[in-house]
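> One structure, pasted below without further comment.
The values are calculated or read from the model by the stated rules, or taken from the named source; none is laboratory data. Remember, predicted model here, so these are calculated numbers, not experimental data. Cβ placement follows ideal geometry from the backbone for every residue including glycine, while neighbour counts extend to all protein chains displayed.
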Amino acid sequence: MPSSNGGDLMKAVFVVKHAWTGQRTRAVLAVVFDRVLGLFGLLLLAPVVSVIGWNFLRDMPARGMVVVLTLAVNFLGALLYLRLAGDRDACITTQR
């Protein structure tokens, strides 16, 4: 049984086989984007879970590092998302 990454590979192969000739790159990027969006969702969920489980987090010796890393990753992810969303029109016009 393939792992979750193997499943993504199978999805990409399936999509490439069934996509129109000019749309194969977009089809594979849709599979990759699905994976990235899931990761982004988990990164957004981390601060919420940290607040809910603060009693557990409070007892951790490295809690400061965990909180700072979580906030830093979320901040950098938001900046990257805004950068990519801002360049969306430029990418669309380049592909045509």
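> Quick check: anything in region 69-84 at pLDDT below 75 and aliphatic (A, V, I, L, M)?
Yes, some residue in region 69-84 is at pLDDT below 75 and aliphatic (A, V, I, L, M).
> Just for region 39-53: of the residues that are farther than 24 Å from D8 by Cβ and assigned to a helix (DSSP H, G or I), which one is modelled with the lowest pLDDT?
Within region 39-53, the match that is modelled with the lowest pLDDT is S50.
> So, one more: Restricted to region 1-26, and to residues that are within 21 Å of G38 (Cβ to Cβ) and surrounded by 14 or more Cβ atoms within 10 Å (Cβ to Cβ), which residue is modelled with the lowest pLDDT?
D8
> From the list F56, F33, pick out the single residue that is exposed (fewer than 13 other Cβ atoms within 10 Å of the Cβ), assigned to a helix (DSSP H, G or I) and modelled with pLDDT of 80 or more.
Going through F56, F33 in turn, the sole match is F33.
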